[in-house]
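To start, the structure itself, in structure tokens.
Coordinate-derived values only; no laboratory data. Please read all numbers here as calculations on a predicted model, not as lab measurements. Quick reminder, even Gly has a Cβ in these numbers, built from the backbone with ideal geometry, and neighbours come from all protein chains shown.
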Amino acid sequence: MEDYVVEMRHITKQFGSYKANNDISLQLKKGEILALLGENGAGKSTLMGMLSGLLEPTDGEILINGKSVKMDNPRNAKKLGIGMVHQHFMLIPAFSVLENIILGDEPTKATRIDYRKAANDIEKLAEKYHLDIDVNAKVRDITVGMQQRVEIMKALYRKANIFIFDEPTAALTPQEIEQLIKILRALAAEGNSVIFITHKLKEIKEVADRCVVIRMGKVVETVQVAETKEETLAEMMVGRKINFAVEKEETDKSKTVLAVSNLSVEAHALLKVKDLNLIVHSGEIVGVAGVDGNGQSELIEAITGLRKIKKGSVELKGKALQNLNARKISEAGIGCIPEDRQNVGLILPFTIAENLVLKSYHKKPASQHGLLNYKKINEMGRQLIKSFDIRSQSEKELAGDLSGGNQQKVIVAREISASPDLLIAANPTRGVDIGAIEYIHEKIIEQRNAGRGVLLISFELDEILKLSDRIVVMHEGQIVGEIDPRHTSSEELGLMMAGKAPIEQEG
Amino acid sequence: MKKRVLAVLAATMMAGAILVGCGNSSSSSKGTKHSAALVTDGGGIDDKSFNQSAWEGLESWGKSHNLQKGINGYNYAQSTDDSDFLPNINKLVKAKYATIFGIGYKLDNAITKASKANPDVNFAIIDSVVSNRKNVASVTFKTEQSSFLAGVAAAKTTKTNKVGFIGGIQSDVITTFQKGFEQGVKAVNPNIKVDVKYAGSFTKADVGQSLATAMYNNNEDVVYQAAGGTGAGVFTAAKNVAKNGKKVWVIGVDQDQKADGKYKGGNVTLASAIKKVGTAVKDLSNDAMKNKFPGGKTVTYDLKSNGVGLVNDNMSASAWKAVQSYQEKIENGTIEVSAK
Amino acid sequence: MHTKSLKGLTIPLVSVLAGFIVGAILMLIFGYDPLQNYQNLLVGSFGGVYSIGETLRNMISLILTALGFAVASKAGFFNIGGPGQYLIGWFGAIVFTLKFSYLPAIILIIGALLCGALAGGLWSMVAGILRAYFGTSEVITTIMLNYIVLYIVNFAVKSWLAGKGSDSSPNIAAKANLNTPFLQRITDNSTFNWGFFIALAVVGLVWFYFNKTKSGFEIQAVGLNESASQYAGVNVKKTIITAMLISGLLAGLGGAIDGLGNFQNISVSNNLPNVGYNGMAVALLAAENPIGIVFAALLFSALQIGGLSISVYSNTPSEIVDIVIASIIFFVGIKYAFELIAKKGWFKRKNREEKGGAEK
């Protein structure tokens, strides 16, 4: 029998009558990268919560280095060498990187913190694991990628040798993902063990040795990654055949839906969009690729009337929209799936039905003479819940109680049901599971096929490449080039986004 | 005597029980000419001013007649908001107090209403006149007279020919102080300037302090304060200035404020224009006891009746002499002090 | 919102109980009899029609100022302007009644109440406008506006309304008195007045406003998530101003009713009326639920009215009631701390459950 670093035996975790984990067994070898694959809600986080001491199993046993352990709080887990890198970083923005790393575990000399020793130790670790960090920078000033490296360093500094990564690539740029994968390999090469939670198949193929697939609280299968195809992994995860190919019909692209000319937009006194020109035709999906923070958010806000336009014009089917307010613009025929679904797209303490009429509550049939017609609102809610396959108990359930994918479906349902001439979709599938991704993509293509224009902004290159008819690359507030997705790889696109490669003009 | 009291007590207890219905369990109520209570106007009975001197008057009346605080004796009801006035008065009426005082002009409406509903109870209102009510006695003080004397004292004391007046809220009651003071100053020396300021409140010592500091910095060396709690700040300011070696004075109000002017090295209280609310409360309670309650009348307290006056705290002999001579002239009518 | 109503009740009840216990302990320490005092309190607030009348009358302004606070709070604002809005409402109603005393009773009363409410509303709207267009903190502006209104009203009463030798306005015509002879007769001369029924009707209106109207929906949307509301096309600035307007209307109506039903005049005043602040406490105790506000107002009113009896029927200083009230507010305040902790724990579990749970 092989020696396992971590062995979880027949773990069951019950919340009330509901089994989040049902008899799960998992082994992690020394020096191995193990992927944990499953849809949102499959039970991955619960399982890792127990391994990191946040939750206690209802039943089952956890062995670390062959010894049975009781993991009743996170401190125990840390002592046993388990380091967790969360999806949401737990750093203090106002502190420096160094201070964040040593926080709670400060080396002291007499009674003072020995910063020099800490900095030395950290530098050595950084070199060993290719962790590029600036220890003196304040956390609020560094990139998301570096914040993640700080989290990894926190675990390393505490002498962890078992690393759990919870969806580490969700917020990273392609280059940062590249860098992370290098770090993961270095960790494994030094004899550490890694558990890598994800639902992105490509990354699993690239980095993991073995993969445990979980569905509905149970282990479906444990496979050798090298011997398994991406499609097979996906099917194991979802439990049915996945339709990866998108069906794009031929459409009439002769009409201009959206015309943005010489648009300049300011945010916090900085020019974030500079003299930008952009056209979206009917029956076309235009993808806007670009690294986060290059003016994409400001562009959307300006088009949808949430941000003042400094200069230039926005026209929808020839009608000038600049200087109109958000409601007028939405009524003119622009729908928008916003980037931030929880803070902008929805009012979480409102019901699903209320959220579904968030843009139409002020007119018939949702309201009349200033009074809301809840009977109608709930009826419409039920209809949309049904036609958009939103999994919920009732239309009166609070939006905040839905899973991420279903929250996104509420937004998609609301925006698409208004039949807009132009649909803006900003990172429409970020953080949602494969089933919902598939569904949302279908709906976006449907809009295109129906002759409407779609403006897609996404940091997921695969998504952009797959859905777009045309891709424009946005860099520092400008469109720096336009490419044909059929002739571009995600690697090439990634380089262009970073402004590091000349743009090949193709269309 | 004792037996009779007991009998009356028992009888009224029964009557009270019937009247009050499911009334207060601890209310062994009895209407007796020996009981009196007051309702404060927002300040507590420890406000170092108006309400306190009224309560002290009532207490001393009660003690002099061997009464206890509480039912059948003497008592108070404290108001925290204007809407408490009437409920407080009614509480006291239901507890069968024979005489009920409203301390301050703000209670006149409540007293009027209660007096209509309870014609057998004696009511008194301080600092206001409720006319046409046979069971209400109105008590007013000729504070313009005491303030006139304060003006004389200030004029006789100032070295800079500049004096100041700090009022609480600009209201009729306080304007009287201002007018009297101005007349007194001018009577001595028409060239003395009187600087008049209002704090807008009776409870803001900080405002009083900053107003007074500004006056002293402006070389106004005597300040007369008629500002209740705000006046405490005037004393603070004067003491601070005096500690730095500058000779300045405060004229206190309502009570003898000599103690408030004490500091290490001296005392800044020149004199105090007192207003004997306590005396009035005591007098009226005694009148009620003797069945001579001046219902329907206005009782005016002035210099002559010793209801107002100026107390010498640290005046020079010559100044005090001048004050006394003006007092005589006012008392015998040679000088008429206007309240407006 | 609907499911937590039962849980929502326990915390205020515990706070109230804890407040009474603290009061009792203090009384024991200082040598007063808590049972006797609480009995006096109870009898003083509910013993007999007179006491009940006073208690119900005192509820009116508590209910209205609490509703005012709750409306602003639903839009995400902490409106401390209740005292000033109440005062200007009181002033507005008295001015109207005095100036138009020739009008028939019913028109005079309605006009006065509207005038008072409107005065409160417009005053509060000033803070709303400052907030909407300049981002000025409504906490600061409403406090400042309170003082401004106090001095303006004092000045106006003194220079326009009060006769010579007086610091109060004349009394309003008897026909405008909401405390009608009939009500006086049946409540043993208490100040109970028709305003009570107006306040109850307003509770219903506010409930209706939040649950059934477009405008109420917008206020809640903005209060819960301003950026989502903006994205959805809600005119956030207008909504903020509307919320503050309504908030002030309610507090102003409270002042107007007290002016007509309780005071019948207005005097130069040293302090801002406490009722504005007490209304905030009532709203917090009721977790800003309109129906809950009625019960919280009943409790506060009973404590205040009953509390007046304490010093009359015993040697206990009446401040003890203030301590009980303050303790209740304190425990309600702690309630928020508890809730925050409970919520965080709850959210953690919830998140895990969600992540760990199968797709719904």
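How tilted is helix B:50-64 with respect to the longest principal axis of chain B? Cα atoms for both, answer in degrees (0 to 90, nearest 10).
50 degrees
In a shell of Cβ-Cβ distance under 14 Å around A:V220, excluding A:V220 itself, what net charge do Lys and Arg (+1) and Asp and Glu (-1) give?
Details: positive: A:K44, A:R210, A:R215, A:K218, A:R240; negative: A:D23, A:E39, A:E221, A:E235.
Result for the local shell: +1.
Hand me the trypsin sites (Lys or Arg not before Pro) from region B:129-189 located in a DSSP loop with no more than 13 other Cβ atoms within 10 Å, in residue order please.
Those satisfying the criteria are B:K134, B:K159.
So what's Rg/Rh here for region C:176-332, counting alpha carbon atoms and using the Kirkwood radius for Rh?
1.04
Using the basic label-point model (7 angstrom from Cα toward the beta carbon), what is the A:D3 to A:E247 distance in nanometres?
Each label point is offset 7 Å from its Cα along the Cβ direction, giving 5.6 nm.
Set the Förster radius R0 to 41 Å, insert the Cβ-Cβ distance between A:E221 and A:D292 as r into 1/(1 + (r/R0)^6), and round the FRET efficiency to 0.05. Numbers along the way, then the final one.
Numbers: r = 35 Å, r/R0 = 0.86.
E(calc), rounded to 0.05, equals 0.70.
In whole percent, what relative contact order does chain B give with Cα contacts below 8 Å and a gap of six or more residues?
So the answer I get is 17 percent.
Answer with one residue from B:N312, A:A320, C:T65: the one whose Cα lies farthest towards the positive end of the charge dipole of the protein assembly as shown, charges on Cβ with Lys, Arg +1 and Asp, Glu -1.
B:N312
Counting each DSSP H run of 4 or more residues in the protein assembly as shown as -39500 (n - 2.57), what helix-only mean residue ellipticity at 222 nm follows after dividing by all residues, to the nearest 500 deg cm²/dmol?
Taken over the protein assembly as shown, the calculation gives -15000 deg cm²/dmol.
I want the antiparallel fraction of DSSP beta bridges within chain A, as a percent rounded to 5.
60 percent
Just for region B:172-293, what percent of DSSP beta bridges are antiparallel, to the closest 5?
Beta bridges within region B:172-293, antiparallel portion: roughly 20 percent.
For region C:44-119, what does the relative contact order come out to in percent, with C-alpha contacts under 8 Å and a separation of six or more?
With pairs under 8 Å counted, the relative contact order is 23 percent.
Which listed residue (C:P290, C:L303, C:V153) has the Cα farthest towards the positive end of the charge dipole for region C:33-314, taking +1 on Lys and Arg C-beta and -1 on Asp and Glu C-beta about the Cα centre?
So the residue furthest toward the plus end is C:V153.
Hey, how much of the P(r) for the protein assembly as shown falls beyond 59 Å, as a percent of Cα pairs?
Value for the protein assembly as shown (Cα pairs over 59 Å): 35 percent.
Just for the protein assembly as shown, what percent of DSSP beta bridges are antiparallel, to the closest 5?
45 percent
Enumerate the calculated ³J(HN,Hα) couplings along region A:174-179 in order (Karplus 6.51 cos²θ - 1.76 cosθ + 1.60, θ = phi - 60°), each rounded to whole Hz, writing x wherever the residue is Gly or Pro.
Working through the residues one at a time gives x, 5, 5, 4, 3, 5 Hz.
Return the ratio Rg/(2.2 N^0.38 Å) for region C:33-314, where Rg is computed over Cα atoms only.
That ratio works out to 1.01.
Can you put B:D206, A:D3 in order of Cβ neighbours within 10 angstrom, beginning with the fewest?
Going from sparsest to densest Cβ surroundings: A:D3, B:D206.
List every residue whose amide H lies under 5 Å from the amide H of B:V196, counting only residues 5 or more places away in sequence or on a different chain, with H placed 1.01 Å from N in the peptide plane.
Under 5 Å from the amide H of B:V196: B:F165.
Just to check I understand the Karplus step: with θ = phi - 60° and J = 6.51 cos²θ - 1.76 cosθ + 1.60, what whole-Hz values come out for region B:298-303, glycine and proline as x?
For region B:298-303, the Karplus curve yields 10, 9, 10, 9, 9, 4 Hz.
What FRET efficiency, computed as 1/(1 + (r/R0)^6) with R0 = 41 Å and r the Cβ-Cβ distance, is obtained for B:S316 and C:L26, rounded to the nearest 0.05?
So, using R0 = 41 Å, E works out to roughly 0.20.
Residue by residue, what Karplus-based ³J(HN,Hα) values in Hz, rounded to whole numbers, does region A:318-328 have, using 6.51, -1.76 and 1.60 with θ = phi - 60° and x for Gly and Pro?
Using θ = phi - 60°, the values come out as x, 9, 5, 10, 4, 6, 8, 7, 4, 5, 4 Hz.
Given Cβ point charges of +1 (Lys, Arg) and -1 (Asp, Glu) and nothing else, what value in debye, to the nearest 20, does the dipole of chain A about its Cα centre take? Present the calculation step by step, with values, prior to reporting the outcome.
Working: 67 positive and 71 negative charges, 311 e Å.
My answer is approximately 1500 debye.
Name all residues of region A:397-412 having a backbone nitrogen under 17 Å from the label point set 7 Å from the Cα of A:A450 along its Cα→Cβ direction, giving them as ranges.
A:409-412
Taking H as built 1.01 Å from N, whose amide H comes closer than 5 Å to the amide H of B:S128, not counting residues under 5 places away?
B:V139
Starting at 0 and stepping by 20 Å, how many percent of the alpha carbon pairs of chain A end up in each bin?
Values per bin, smallest distances first: 21, 51, 27, 2.
What does the average come to when, for each residue of peptide C:187-193, you count the partner chain Cβ atoms lying within 10 Å of its Cβ?
Averaged over the peptide's residues, the number is 3.
Put +1 on the Cβ of every Lys and Arg and -1 on every Asp and Glu Cβ in chain A; which of A:G451, A:Y361, A:G38 then has its Cα farthest towards the positive end of the dipole?
Positive-end residue among those listed: A:Y361.
Can you give the log10 of the normalised intensity I(q)/I(0) at q = 0.08, 0.10 Å⁻¹, computed with Debye over equal Cα scatterers of region A:4-238?
With no solvent term, the Cα-only Debye profile gives -0.30, -0.46.
Sorted by packing (mean other beta-carbon atoms within 10 Å per residue), highest first, where do B:276-286, C:144-154, A:217-227, C:299-309 land? Kindly include the intermediate steps, with their values, before the conclusion.
Values: B:276-286: 23.5, C:144-154: 19.1, A:217-227: 15.4, C:299-309: 25.2.
Per-residue Cβ counts within 10 Å, averaged per peptide and sorted highest first, yield C:299-309, B:276-286, C:144-154, A:217-227.
Please rank B:V253, B:V234, A:V344, fewest neighbouring Cβ atoms within 10 Å first, as an exposure proxy.
So the residues, fewest neighbours to most, are A:V344, B:V253, B:V234.
Name the longest site-free stretch of chain A, where the excluded sites are chymotrypsin sites (Phe, Trp or Tyr not before Pro) in a DSSP loop with no more than 15 other beta-carbon atoms within 10 Å.
With chymotrypsin sites (Phe, Trp or Tyr not before Pro) excluded where exposed in loops, chain A gives A:245-507 as its longest stretch.
Once you sort the root eigenvalues of the Cα gyration tensor of region A:395-441 as a ≥ b ≥ c, which label holds: rounded (a/c under 1.5), prolate (a/b larger than b/c) or oblate (the other case)? Let's see the in-between values first.
Details: a/c = 2.21, a/b = 1.21, b/c = 1.83.
Oblate, because a/c is 1.5 or more while a/b does not exceed b/c.
Given +1 on the Cβ of Lys and Arg, -1 on the Cβ of Asp and Glu, and no further charges, what dipole in debye does chain C carry about its Cα centre, rounded to the nearest 20? Mind dumping the intermediate values first?
Numbers: 23 positive and 15 negative charges, 206 e Å.
The calculation lands at about 1000 debye.
Only four residue types carry charge here, +1 at the Cβ of Lys and Arg and -1 at the Cβ of Asp and Glu. Report the dipole size of the protein assembly as shown about the Cα centre in Debye, rounded to the nearest 20. Walk me through the numbers on the way to the answer.
Working: 132 positive and 114 negative charges, 994 e Å.
So the magnitude is around 4780 debye.
For A:I195, what residues show an amide H to amide H distance below 5 Å, using hydrogens built from the backbone and excluding near sequence neighbours?
So A:I195 has HN proximity to A:L34, A:F163, A:I164, A:F165.
Take peptide A:34-47, look around each residue's Cβ out to 10 angstrom, count Cβ atoms belonging to other protein chains, and average those counts. Provide the component values of the computation, followed by the final result.
Working: counts 0, 0, 0, 0, 0, 2, 5, 8, 5, 4, 2, 5, 6, 2.
Partner Cβ neighbours, averaged per residue: 3.
Let me know the mean shielding of A:300-306 by other chains, meaning the per-residue number of their Cβ atoms within 10 Å of its Cβ.
Values: counts 0, 2, 0, 0, 3, 3, 4.
Neighbouring Cβ atoms belonging to other protein chains average 2 per residue here.
Determine, for A:R486, C:R131, the number of other Cβ atoms within 10 Å of each Cβ, and report the residues in order from fewest to most.
On the way: A:R486 10, C:R131 23.
Lowest to highest Cβ neighbour count: A:R486, C:R131.
Using a 7 Å offset from the Cα along the Cα-to-Cβ direction at both A:D114 and C:I152, what is the distance between the two label points in nm, to one decimal?
6.7 nm
Are there trypsin sites (Lys or Arg not before Pro) in region A:1-74 that DSSP marks as loop and that have at most 13 other Cβ atoms within 10 Å, and which are they?
A:K70
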